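The values are calculated or read from the model by the stated rules, or taken from the named source; none is laboratory data. Please read all numbers here as calculations on a predicted model, not as lab measurements. Glycine also receives a Cβ, built like all others from the backbone with ideal geometry; neighbour counts cover every protein chain displayed. We work out accessible area using only protein heavy atoms, side chains counted, and drop any ligands, DNA or RNA first. Shrake-Rupley method; radii C 1.70, N 1.55, O 1.52, S 1.80 Å.
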Number of protein chains: 2
Amino acid sequence: MKCSESSAGTTITRGRPREFDPETALAAALRVFWTRGYENASLAELTEAMGITKPSLYACFGNKEALFRKALDLYERDKLAYIGTALEAPTARGVAEKLLRGALATHCGTSDPHGCLGVISSVACTNEVDSIRDHVVARRASSEAALIERFERAHAEGDLPPPVDPRALASCLTTVLQGLSVKAQGCACPSELQGTVDAFLSIWPSK
Amino acid sequence: MKCSESSAGTTITRGRPREFDPETALAAALRVFWTRGYENASLAELTEAMGITKPSLYACFGNKEALFRKALDLYERDKLAYIGTALEAPTARGVAEKLLRGALATHCGTSDPHGCLGVISSVACTNEVDSIRDHVVARRASSEAALIERFERAHAEGDLPPPVDPRALASCLTTVLQGLSVKAQGCACPSELQGTVDAFLSIWPSK
DNA sequence: GCACCTATATACCGCTCGGTATGAAATGTT
DNA sequence: AACATTTCATACCGAGCGGTATATAGGTGC
């Protein structure tokens, strides 16, 4: 019944038991969406990667869009956890540095696909009416809002030089983060992006 | 006769004359690719926007991929002309400013689609073997190489503070430019991006 | 007028897409 | 053993994709 439990307790099982683990299947689906984008990820690719058939996918996850949203949840929970901890850094500079280093590790690593799932999905989904795109853009906006709030606090605490608009500075940082995603997806050279991040941090306003 | 002449002289015409202007048709195709990306732009959309039929398209432009490459040529010639002039600015800061302002005008304007065609195409084309993606990424690399060269010259001229690596600084700038493309495509608020660009220029190293 | 050449319009091709109908297999319940 | 319930495997659906075959229309050269 709709993907059922992932939490501890074993649910009452009636009828033929499921032969796959929804969590690992979802993780496999995430990888496909991450490498191919929402629209380019076909059901054939997804089901093959997940090791299940189409009817199983639909019975467990609803449809392609619902599957994507669940994969996006998993992505934010597992892969973007560094954002939450970065925002807790004591200084604005520390926040920026943790965000940049975290993005580098997450989007340029060796084990996961390159680039940011959110950027890939929002840029690639260009349908006139596209709830996927709106969904992703909305999540990004709320994430940026948290960063703005953090920088406004830093501004109030005298942690940022007064002439700088904290809102614009936050936007500047997220712009770099999204640009890094584009670059990570294009060239597979993490060392170069390391230098890029270092350069950006070297011009970042301190105190 | 493969799209034939666009230059002045009227070519020798034998057989039924073409009923459309290849240049304006190509401009229409460019708009479609720009708003939808290469893969999402269907032949139905393209032919409707161009005002021609599929056989006419294939006779004049070859196929979808060839059409895209010609549209990309037109794009770089008409829409990215600001890059060439920006590189001629007397200072590194001037180069950066002209690139950022030019990108803002081009990718956030009211008359053209938002975002950068190159970014949209490279991010959205995720096929295992994708010559479109490689093509776009290669063009971007050559463009970035020119910027690096320009900044190395600026560095030699003492136009950049010595501790900064001109290569990394160039990469930093192009990262922001690509990030701006992502943002321009997502939110339709040029005023906010204006502030973003201002913020970036305010932290840009001077002398 | 006629042959020749090229662009047009229409209909079609094989293929893949997201999604589903159907029947068999595997469990718990009685 | 018989049934209810749920999952699995296969085959299938209509629609849209990029691309093309065919026949007709519209010109020039003779």
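What to note about this one:
- With K and R counted +1 and D and E -1, the other residues having a Cβ less than 13 Å from that of B:Arg133 yield a net charge of -1.
- Solvent-accessible surface (1.4 angstrom probe) belonging to A:Ile83, in square angstrom, nearest 10: 40 Å²
- Ascending distances from the A:Pro190 label point to its copies in the other chains, with the point 7 Å along the Cα-to-beta-carbon line: 4.0 nm.
- Relative contact order, whole percent, for chain B stands at 20, derived from Cα pairs under 8 Å and 6 or more residues apart.
- A 1.4 Å probe run over the protein assembly as shown, with the rest of the protein chains in place, finds 47 Å² accessible per residue.
- Calculated from the alpha-carbon coordinates, the range B:63-103 shows an Rg and a Dmax of 13.4, 43 Å respectively.
- Copy-to-copy label separations for A:Ile203, where each label sits 7 Å from Cα toward Cβ, in nm and ascending: 1.0
- Applying 1/(1 + (r/R0)^6) with R0 = 60 Å to the Cβ-Cβ distance of B:Arg77 and A:Asp21 gives a FRET efficiency near 0.65.
- Under Karplus coefficients 6.51, -1.76 and 1.60, residue-wise ³J(HN,Hα) of the range B:20-34 in Hz, glycine/proline x: 9, 9, x, 5, 5, 5, 5, 4, 5, 4, 4, 4, 5, 4, 5
- Computed per residue of chain A from DSSP H runs no shorter than four, each worth -39500 (n - 2.57), the mean residue ellipticity at 222 nm is -21000 deg cm²/dmol.
- Under Karplus coefficients 6.51, -1.76 and 1.60, residue-wise ³J(HN,Hα) of the range B:54-59 in Hz, glycine/proline x: 4, x, 5, 4, 5, 5
- Computed from the Cβ-Cβ distance with R0 of 56 Å, the FRET efficiency linking A:Tyr58 to B:Asn63 stands at 0.95.
- Think of each Lys and Arg Cβ as +1 and each Asp and Glu Cβ as -1; about the Cα centre, that makes the dipole of the range B:79-203 roughly 160 debye.
- Candidates B:Asn63, B:Asn127, B:Asn40, ranked by Gaussian network fluctuation over chain B, Cα under 10 Å, top entry: B:Asn127
- Leaving ligands and nucleic acids aside, the B/A contact buries around 3000 square angstrom of accessible area in total at a 1.4 Å probe radius.
- Cα gyration tensor, the range B:79-203 - rounded (a/c under 1.5), prolate or oblate: oblate
- Counting from the shortest, the label point at A:Leu43, 7 Å from Cα toward Cβ, is 2.5 nm from the same position in each remaining copy.
- Accessible carbon and sulfur surface of chain B relative to its total accessible area, %, 1.4 Å: 55 percent
- Cα gyration tensor shape of the protein assembly as shown, rounded if a/c is under 1.5, else prolate or oblate by comparing a/b with b/c: oblate
- For the range B:22-72, the relative contact order is 47 percent, taking Cα pairs closer than 8 Å that sit 6 or more residues apart in sequence and dividing their mean separation by the residue count.
- The simple Förster model, with R0 at 45 Å and r as the Cβ-Cβ distance, assigns A:Thr110 and B:Gln194 a FRET efficiency of 0.75.
- Annotation for A:Ala145 and B:Asn127: the two label points, set 7 Å from Cα along the Cα-Cβ direction, are 4.0 nm apart.
- Loop sites in the range A:143-189: GluC sites (Glu not before Pro), DSSP, at most 16 other Cβ within 10 Å: A:Glu157
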